């Protein structure tokens, strides 16, 4: 999905390197995003504050970082597109956000099926680690998929969510391979598995790395 988003941005914005995006649910939780991790709480706060204001296909512009422009576009009931550009005319940014959603609409619909059901197992970091970065120190450098799982495991996720997240990063893997890696991470004490006893998300929400 990230490659598709970047292709769309390249078509619309002259200096795409100064542009960041996030596709989120109505609470601002990212599905996919390339904002720096430190900026994601800001985007989440803005999106969640506008969820009760904007209707589908409505939008709002506001000041972004470093003098740029931030666009929040409500693409559907459940999907928002946040686009921040240093140089980008508002009309072009809006067209870009609409095109991003158009390109990914089918894939986002497929992601809805990945919402965890009650009773499904979720994986989380072992509580002995204070952060994903700390846990990463115990994972072999040669284990590429394991390291990508751990560094992004800042909240409990199902194996299906993890698989979708890895694929959104362009990492070729399968659900079965992810389960095998998670079992390895359990054995070495980096993650633990527990049963999900209540639905954490509304239908359509998934994760983003």
*Using the alpha-carbon atoms, what tilt in degrees (0 to 90, nearest 10) does helix 90-112 show relative to the longest principal axis of the chain?*
30
*asked:* Using 5 Å bins from zero, what percent of all Cα-Cα pairs in the range 121-195 falls into each bin?
replied: 3, 18, 33, 27, 16, 3, 0
*Using alpha carbons only, how many degrees (0 to 90, rounded to 10) separate the axis of helix 175-187 from the longest principal axis of the chain?*
50
_Quick check on packing: order 132-141, 156-165 by the mean number of other C-beta atoms within 10 Å, highest mean leading._
156-165, 132-141
*Highest-first arrangement of 175-182, 67-74, 37-44, where packing means the average Cβ count within 10 Å*: 67-74, 175-182, 37-44
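Tell me, what is the percent relative contact order of the range 1-147, built from C-alpha pairs under 8 Å that lie six or more residues apart?
Working: 186 pairs, mean separation 31.9, N = 147.
Over the range 1-147, the number comes to 22 percent.
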*Once both axes come from the Cα atoms, what is the angle between helix 2-12 and the longest principal axis of the chain, in degrees from 0 to 90, rounded to 10?*
10
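Bear in mind that the values in this text are calculations on the coordinates, not laboratory data. If you're wondering where the values come from, they're calculated on a predicted model, not measured in any experiment. Virtual Cβ from ideal backbone geometry, glycine too; neighbours counted across all protein chains shown.
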